[in-house]
1. Would you mind ranking THR134, THR332, THR468 so that the residue whose beta carbon has the fewest other beta carbons within 10 Å leads the list?
2. Which FRET efficiency, nearest 0.05, do ILE562 and ASN211 yield, Cβ-Cβ r, R0 60 Å?
3. Would you mind ranking LYS167, LYS81 by Cβ crowding within 10 Å, fewest neighbours first?
4. Within the stretch 204-239, find all residues whose amide N lies under 20 Å from a label point positioned 7 Å from the Cα of ALA95 along Cα-to-beta-carbon.
5. Arrange MET618, MET400 by Cβ neighbour counts within 10 Å, fewest through most, would you?
6. Using 0.36 nm per residue of separation minus the Cα-Cα distance, give me the extension gain between TRP450 and ALA305 in nm, one decimal.
7. Past 22 Å, Cα to Cα, is the threshold; run LYS524/LYS624; LYS257/LYS352; LYS461/LYS550; LYS257/LYS461; LYS449/LYS619 against it and keep the listed order.
8. Taking a spot 7 Å from the Cα of ASN34 along the direction of its beta carbon, which residues of the stretch 433-477 have an amide N less than 18 Å from it?
Amino acid sequence: MKKITILGSLLFIGFAFISTAGEIQVKKSGTTKNNDKSPSQTRALGASNPNLSPQSIIWSDDFSVAGNWTINSPTGSGAMKDWVIGTAGPSGSYAISKINSTTQTNGFGLFDSDKNCSTNQVANITNTTAISCTGHPNINLTFQQQYRRFYDSTFVFVSNNNTTWVKYVVNESLNNNDYCSTNPQLVKVNISATAGGQATVWIRFQFYSPNSLGSSAGCGYSWMIDDVALADVPANDISINRAYSDFNYKDGGYYTKTPKTQVGPVSFRSAVANEGTAAQTNVKLNVNISTGGSSVYNQNSSTIASFPSFGKDTLSITTAFTPPATVASYTTQFKISQTETELPADTSSNWKTKTFAVTDTVYARDNNVKTALASPNNYTDGDVDDSRIGCVYEFNLDAMSSSISVYVDSLTAISTSIQAKIYSWGAAPSTEIAASAVYNITTNANKAKWVTLPISTLLQKDSTYLATIVTTGVSSGTPNVYVYLGADKVTEQPLRTTFIYTAGGTPAWGYITTETPMIRLNIKPGFVGIKEISKNEEVRLYQNVPNPTKTLSNINYELNQIAPVSLFVYDVTGKKIAVQNEGIQNAGKHTITFNSENLSAGVYYYSLKVTQTNTPTMKMIVIK
C-alpha cells in the first residue's frame, strides 16, 4: 500500500475532532484500466526546452541517435519488456496519446507497458557514454514526458561510477489511472548531490512494475520521455510551488464556485522556493484579481529580505478580498518577484493563475475538468457498501440545500448505486442530517455525466457541512465492482477538505490529499435566512439533527427574549402525540433533546409554543 503524501509545511487549523483522524491509505488492488481520453493539454512547448537557458546546458539528447542509449531489462524481466526509441506512439489496447515533445519527430524513448502486457516489468534506458560534469557543482536534470500510471512506478537513477545508483522518484503524486497534467510535462530534478562536479555521470530511466506490486502489475499504460538535458542550476531562480486562495479562514480551501449568499473574505498565500544558487533579496508575493478585464484587488505580501539558496518559505497576504454578492467570474494571478533578475527562460515558474466564480446557487471545489478518478472504493477497507466520499462546505448565512451534483465516471460498474448525504461537520463527531433517494446505475446512460440528487435540509450560518456520496453494490471480488467519480487534481486544496469514510475493517473517517472529487452542493435560490423557516420574529426554530432519526435527536432554537417554551409533536393527521415543557428560557440559543424511540417509523411534525405564540412546523422523519 502507498500512503499519499501530506504537505507537512501546510498544517490544518480547525475541525478539532478530525485532527485525530489519519490520512487514508490508497489500495494497490481493485482498480481497472480505462480508455478515458487524456485531459485537455493546456501547455504548448516552444522550439527549445522552456526551463533551460542555452548558455547553461551541460549536456542534452533528443533521442535522434538511438546508439546514445543502452537499453536493458534486469534479469527476470523477460523478452518484449524493453524500451524502444522511435517516432511511433503507444499501440496497446489502452494506448495513451503520443508525447507532444519539442523534438518528437526526431524520436523519443517509449516503454509501452500495455502493448507488452505481462507480469514483472522492470526496464531501464541509460545514456551510453558518460557525461562530464566537472566544474559544474549544481545540476538540474530536465526532461519532457507523457505518462499514465497503473500499478507501476517511474524512477530516475543517477550514478557517478556506473555501479552505485541513487534513485529519484518521478510522478509520485499520481494515482492509478491518473495522467500527467500536460502533454508534454516538463520534469526538473536537482541531482547536484550525486552528479555535481563529477567527471563521469550516467542517467537511467526505469519503468518499474514487478510482480511484488500485485496481480495487476506488468500491464500498465505507457511512459514516454524526450529532450533530456543536464544544466547548471541558475544563480537566480525563485518559484511558486503551490498557490492557495483560502475562503473564510486559513486552510478553508479553494472554492471554484460560491453562492452569492455565502461570499466571505478570501486570503492568499503561496509556498515559494529559491531554486537558484544565490540568495535572493526583497522576495515578495503579489496577488491581482480581475473581473471583466478590470482589476478589483491588488495586494503584496510582506518581504523576505534575504531568501537563502535552495530555501523554502510561505508568503501570505493579510488583506483579504471579499467579492460582492453578485454573480461574476474572477481571475486571480499570483506573482513572486525579487530584486535580482532571472534569465527569461527561468521566469515561467514565477506565476500561477486561478479562477473562481460567484454563482446564484452552486458551491463547488472542482474546476469542472476531470483529471483523475476518486472513490472510497480505491482506499483500504473502502470497497464495501456504505463507504463515503465528500467535500467540506462552509456557510456564512442560513441556506436551504436543494441538491448534490456529482460526476459519475464511465468506469463505474453497472448494478451499483449512489446516494447523497449531508453531514454536520465541526468540533463534534459528524452527524448525518439529510439523505437523498438512491440513484441506481443500471445502464451506461446512467454514467459518464453529471448527476443531480435532490436533497433538502437547513444549513445553518457559521456552520460547516460535508456533502458526500455513499456507494453501494460494490465489492473487491474478481472482477472488482466499483463506483468511480470524476476528480480534479489542479485546484491545489490544502489538507482536509476531502474526507472518506471506509466502512470495512474498523469503520472510520479519514482525509485524502491528492484529488478533489467532483461533488457539488447546491442551495435553493431566493432563500433569505431563517425567516423562511420560522416567520416568528421572537424565535428561530431549526431542523432536528439527525434527520432521519432513530431515537434521540437535537432540536435547536434561538430566542430574542426570555420566554416559556414548549415542544409539540404531531403525526401526519395533525394529532398531537407529544408535549415537552422546557420551562422559562433565557434569550439566546438552546437545544431540546427529543426521544422518538416509542414512535413508529414515519413522518412527523414539530413546533414550539413560545409565550402564547406557535412557530411554523418543521418535518421530522423517524426510521427503525
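Read the figures in this text as sums done on the coordinates, not as results from a lab. All values derive from a computational prediction rather than experimental measurement. Neighbour counts are summed over all protein chains in view; Cβ atoms, including those assigned to glycine, are modelled from backbone coordinates with ideal geometry.
1. Details: THR134 11, THR332 20, THR468 29.
Neighbour counts put them in this order, fewest first: THR134, THR332, THR468.
2. On the way: r = 74 Å, r/R0 = 1.23.
FRET efficiency, ILE562 to ASN211: 0.20.
3. Details: LYS167 14, LYS81 22.
Going from sparsest to densest Cβ surroundings: LYS167, LYS81.
4. 219-226
5. Working: MET618 19, MET400 16.
In increasing order of surrounding Cβ atoms, one gets MET400, MET618.
6. On the way: separation 145, 0.36 × 145 = 52.20 nm, distance 4.89 nm.
Using 0.36 nm per residue and subtracting the Cα-Cα distance, I get 47.3 nm.
7. Numbers: LYS524/LYS624 30 Å; LYS257/LYS352 19 Å; LYS461/LYS550 26 Å; LYS257/LYS461 18 Å; LYS449/LYS619 33 Å.
Pairs exceeding 22 Å: LYS524/LYS624; LYS461/LYS550; LYS449/LYS619.
8. Backbone N within reach: 439-452, 469-477.
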